[in-house]
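Structure first, commentary second.
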Amino acid sequence: MKCFIGETQFKIPEPTVVTIGKFDGRHKGHQKLLSRMMDFKSTCGYRTAVFTFNTTPAVAISGTVHQVITTNQERRDNMARMGIDYLVEYPFTSDVVRLPAEEFLREILIGKMNARAIVVGTDCGFGYKRSGDARLLQELAPVYGYDLEVVVKEKDDQRDISSTYIKEELHKGNMEKANKLLGQPYAIHGTVVHGSHVGGPVLGFPTVNVIPPREKYLPPFGVYVSRVLAEGRTLGGITNIGRKPTAADDGPVGVETYLFDFNGDLYGKNIEIQLLHYKRPEKKFDSLEQLKEQLERDKEYGLSYLDKERVLC
């Protein structure tokens, strides 16, 4: 996959089918759009191209951290895994803020991204004050000569599937529901770093540690049954999200995972931690021995859950 990150002076040489959006979470609604793009690729031979901003408008305007289900790097990983050909993370500048909707379409989607087909949701918005929408794209299609498909939003019962809906379920620790809405497990991608070295030498539970970026939206602090993708392998484990209060109260928020049946070295490697089930909240124990006893129970619970759900098959 070719990425244009923070660039404005680029040109995709091949005809493309384009979609636009934040793609936070790449949930079932997003997957519906991306799947339709793949249909255009199969039937028309167009390359697939996704337009998004490298900084969300909310962050650019407020200057504050806006938490997302999927970080920029995670979005890149997901798009590459899906087989998307081009990902454009456009800079959200004062110039692009003021760009009229038709000019945005003409200069960027057609001029820079070479769009011959455009796939959007019914609620899409682009250009100055989001004045561009599906209706405008329909009106301008014969003018600029592109095919247009407007995809109806995916629903759960009577509610639109959205990042907001998924965050509500994550906030409750309802991983099964959140994962159903996402159409895939909620995941944290990151590079394995050194931790406190208490897990292996002291407790007998060697772990891998990832420090999530500030903008990553996390579910409640606590212990989760997890599945980890590392070096082409799928491994079961239990994951703690939080500050590990038994060992230290003032550490950074971390994601620490004990992997079942794994003795390798993952330091410096990129892994993906998928959270499947919320078991219990984070707790400060009176001693490391009490913590070790609880970890044994967590391990047994995790092994039983993975075997019952058969998620490693």
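The values are calculated or read from the model by the stated rules, or taken from the named source; none is laboratory data. The structure displayed is predicted, hence computed values, not measured ones. Glycine also receives a Cβ, built like all others from the backbone with ideal geometry; neighbour counts cover every protein chain displayed. Side chains are part of the model used for accessible areas, which takes the heavy atoms of the whole protein and leaves out ligands, DNA and RNA. Shrake-Rupley method; radii C 1.70, N 1.55, O 1.52, S 1.80 Å.
Worth pointing out:
- Solvent-accessible area per residue, Å², over the chain with all protein chains present [probe radius 1.4 Å]: 49 Å²
- Across the chain the C-alpha pair distances fall into 10 Å bins from zero in the proportions 6, 25, 30, 20, 13, 6, 1, 0 percent.
- The chain: most fluctuating residue of Asn263, Asn209, Asn179 per GNM, C-alpha cutoff 10 Å: Asn263
- When the pairs Lys32/Lys180; Lys32/Lys167; Lys22/Lys279 are compared against a 24 Å limit on Cα-Cα distance, Lys22/Lys279 fall above it.
- Take 91-100, 19-28, 181-190 and order them by the average number of nearby Cβ atoms within 10 Å per residue, most first; the result is 19-28, 181-190, 91-100.
- Which listed pairs, of Lys153/Lys308; Lys172/Lys269; Lys172/Lys244; Lys155/Lys299; Lys153/Lys177; Lys2/Lys129, have C-alpha distances above 26 Å, in listed order: Lys153/Lys308; Lys172/Lys269; Lys155/Lys299; Lys2/Lys129
- The translational diffusion coefficient of the stretch 213-262, from Stokes-Einstein at 25 °C and 0.890 mPa s with a Kirkwood hydrodynamic radius over alpha carbon pairs, comes to 204 µm²/s.
- In terms of its Cα atoms, the stretch 77-218 spans 69, 36, 29 Å along the principal axes, sorted from long to short.
- Highest mobility in the GNM of the chain, judged by mean-square fluctuation with C-alpha springs under 10 Å and restricted to Leu105, Leu275, Leu303, is found for Leu303.
- Cα-based Rg and Dmax for the stretch 25-159, where Dmax is the largest Cα-Cα distance (Å): 15.0, 43
- If the chain linking Glu168 and Leu148 were pulled fully straight, counting 0.36 nm for each residue of separation and taking away their Cα-Cα distance, it would gain 3.9 nm.
- Gaussian network model of the chain, Cα within-10 Å springs - most flexible of Asp157, Asp298, Asp123: Asp157
- Other-chain or far-sequence residues with amide H under 5 Å of His277's (modelled H): Val225
- This model, with +1 at the C-beta of Lys and Arg and -1 at the C-beta of Asp and Glu, gives the chain a dipole about its Cα centre of some 320 debye.
- Computed over protein heavy atoms with a 1.4 Å probe, the carbon and sulfur contribution to the accessible area of the chain reaches 48%.
- In the chain, taking the dipole from charged Cβ atoms about the Cα centre, the farthest positive-side position among Gly6, Gln290, Ser226 is held by Gly6.
- Each of Asn174, Phe104, Tyr278 was placed along the dipole of the chain (beta-carbon charges, centred on the mean Cα), and the one lying farthest toward the positive end is Phe104.
- Mean sequence separation of contacting Cα pairs (under 8 Å, at least six apart), scaled by the length of the chain, corresponds to a relative contact order of 17 percent.
- Here, the stretch 1-58 is characterised by an Rg to Rh ratio of 0.98, where Rg is the alpha-carbon radius of gyration and Rh the Kirkwood radius.
- Counting Lys and Arg as +1 and Asp and Glu as -1 over every other residue whose Cβ lies under 14 Å from the Cβ of Arg75, the net charge comes to -1.
- Net +/- balance of residues flanking Val228 in space, Cβ distance below 13 Å, scoring K and R +1, D and E -1: -1
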